[in-house]
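J.: Below are the structure tokens for one structure; questions will follow.
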Amino acid sequence: MMDICWLCVTLAGIAVYLLTQFIRFIFADADLTLLWAARFGNKPESKLRGKVVWITGASSGIGEELSYQLAALGARLVLSARRENELERVKRTCLERSSLKDEDILVLPLDLLDRASHQEKTAAALKHFGGIDVLINNGGRTQRSLCTEADVDVYQALMELNYLGTVSVTKQVLPHMIRHGSGIIATVSSVAGFVGVPLATGYAASKHAVQGFFNSMRTELSDYPNITISTICPGPVISSIVQNAFTEELGKPVATAGDQTHKMSTERCVHLTLVGLANRVKEMWIAEQPFLLFCYLWQYTPTLAWYLTNVLGKKRVENFKSGVDADSAYFSKPKVKTT
């Protein structure tokens with residue numbers, strides 16, 4: 001009888017634990033490893049304060065918010081993007097929100113497409129600070145066009161910018177980290193880096209390439225355990241990335257970005273990213289439901305993932321063709337674009 005009672009208690013305990021984890025997953029906005037680190041791991045301020053962090057794509061969106069939160073933590077910053085005036089604006093805000101001094105933030109204009117300039121830019125950052133502790137490859141653009149309508153030039157531009165530009169900067173910084181035996185190279189990829197995304201065939205291809213490169217490079221660096229290669233895979237996040245997306249032709253702007261309020265906040269995405277960096281998480285999935293669920297389905301049940309992707313992807317394409325925001329919530333009435 002006693003054994004039966006203990007068995008019942010044990011089973012009840014397991015059932016409660018599984019139910020608790022299921023409820024937590026329903027409301028989760030990141031993979032379980034990252035959420036565990038957020039609750040029990042190192043705090044970003046304890047690991048990133050005083051570090052020299054180079055951020056590409058720092059003039060808007062996730063890169064801009066990374067600048068603000070890292071400045072508040074006391075990290076020293078190299079801010080890069082093409083628009084120097086926007087970088088200066090970000091720098092002023094960083095100084096207002098932190099105790100950093102002017103010399104703690106270097107504005108370093110950078111064009112990811114101009115690979116011949118990356119050695120010079122890296123040298124400038126090293127000369128100013130004497131080292132680079134963290135490189136965050138955040139610069140890039142997305143896509144909003146159907147494969148059947150997109151010019152091949154669009155695909156080339158996406159690969160040149162998102163993939164080769166990122167690889168080029170990384171290859172300039174990596175030898176410095178190898179010499180010092182430590183560092184973090186973090187790259188903002190996307191859920192589209194391992195999931196098929198309609199209307200973004202070229203963007204998804206470039207992010208798949210990014211993940212293949214860094215996953216392979218991580219293994220090559222196994223003799224340098226203090227160099228962390230981290231890929232950050234956000235789902236839909238509020239930013240200006242849609243406004244700047246490639247369309248079916250080079251130079252043709254997006255007609256309208258549509259409503260963005262249903263997406264994850266940039267602040268939350270960046271906070272989780274910094275938690276991951278502080279705990280040297282190798283790959284982070286940062287997404288609200290149902291996108292987080294899709295990450296797990298693609299990882300563990302690809303056949304089911306294909307089926308659901310076809311169902312929801314068809315809805316996304318229908319939204320796009322009818323002039324409705326392609327990123328509207330899939331399980332509620334979409335918000336119609338306004339002119």
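J.: So, residue 120, is that one over 19 Å from residue 269 (Cα atoms), among the charged types (D, E, K, R) and open to solvent by less than 60 Å² (accessible area, probe 1.4 Å) or not?
T.: When the stated conditions are applied, residue 120 does not pass them.
J.: If you go through region 45-60, how many residues are in contact (Cβ under 8 Å) with a residue 40 or more places away in the chain and crowded, with 24+ Cβ neighbours inside 10 Å?
T.: Residues meeting the conditions: 6.
J.: Residue 66: in contact with a strand residue (DSSP E or B) (Cβ under 9 Å, 6 or more places away or on another chain) and either without any contact (Cβ under 8 Å) to a residue 40 or more places away in the chain or not basic (Lys, Arg) (or both), yes or no?
T.: yes
J.: Taking the condition modelled with pLDDT of 90 or more, within 30 Å of residue 41 (Cα to Cα) and either part of a helix (DSSP H, G or I) or touching a Pro at 6+ places or on another chain (Cβ under 6 Å) (or both), does residue 304 pass?
T.: no
J.: Does residue 95 satisfy being open to solvent by less than 30 Å² (accessible area, probe 1.4 Å), over 30 Å from residue 299 (Cα atoms) and not polar (S, T, N, Q)?
T.: No; evaluated as a whole, the condition is false for this residue.
J.: Consider residue 19 against the criteria (1) over 22 Å from the mean Cα position of the chain (by Cα); (2) in a loop (DSSP other than H, G, I, E, B): it satisfies all of them except one. Which criterion is unmet?
T.: (2)
J.: Oh, and also: Say whether the condition of being open to solvent by less than 20 Å² (accessible area, probe 1.4 Å), over 23 Å from residue 130 (Cα atoms) and modelled with pLDDT under 95 is met by at least one residue in region 14-28.
T.: Yes, some residue in region 14-28 is open to solvent by less than 20 Å² (accessible area, probe 1.4 Å), over 23 Å from residue 130 (Cα atoms) and modelled with pLDDT under 95.
J.: Return the only residue of 253, 198 being over 30 Å from residue 47 (Cα atoms), touching a residue at least 12 places away in the same chain (Cβ under 8 Å) and out of contact with any strand residue (DSSP E or B) (no Cβ under 9 Å at 6 or more places or on another chain).
T.: The match here is 198.
J.: Out of the residues in region 79-128 that are among the β-branched types (Val, Ile, Thr) and in a helix (DSSP H, G or I), which is farthest from residue 54 (Cα to Cα)?
T.: 93
J.: While we're on this one: Can you name the condition, by its number, that residue 238 falls short on among (1) in contact with a Cys (Cβ under 8 Å, 6 or more places away or on another chain); (2) of a type in the set (Val, Ile, Thr); (3) more than 26 Å from residue 152 (Cβ to Cβ)?
T.: (1)
J.: Moving on to the next point. Answer yes or no as to whether residue 165 is touching a strand residue (DSSP E or B) at 6+ places or on another chain (Cβ under 9 Å) and either farther than 16 Å from residue 203 by Cα or among the polar types (S, T, N, Q) (or both).
T.: no
J.: Here's a follow-up. Do you know which of the residues in region 66-88 that are open to solvent by 70 Å² or more (accessible area, probe 1.4 Å) and touching a Ser or Thr at 6+ places or on another chain (Cβ under 8 Å) is nearest to residue 132 (Cα to Cα)?
T.: The extreme case among them is 82.
J.: Here are some conditions: (1) modelled with pLDDT of 95 or more; (2) over 30 Å from residue 40 (Cα atoms). Residue 334 meets all but one. Which one does it not meet?
T.: Single failed check for residue 334: (1).
J.: Which is open to solvent by 50 Å² or more (accessible area, probe 1.4 Å), of a type outside the set (Asp, Glu), under 23 Å from residue 72 (Cα atoms) and assigned to a loop (DSSP other than H, G, I, E, B), of 268, 280?
T.: 280
The values are calculated or read from the model by the stated rules, or taken from the named source; none is laboratory data. All of these numbers come straight from a predicted model, not from anything done at the bench. Virtual Cβ from ideal backbone geometry, glycine too; neighbours counted across all protein chains shown. Ligands, DNA and RNA are stripped out before the accessible areas are found, and what is left, the full protein with its side chains, is counted by its heavy atoms. Shrake-Rupley method; radii C 1.70, N 1.55, O 1.52, S 1.80 Å.
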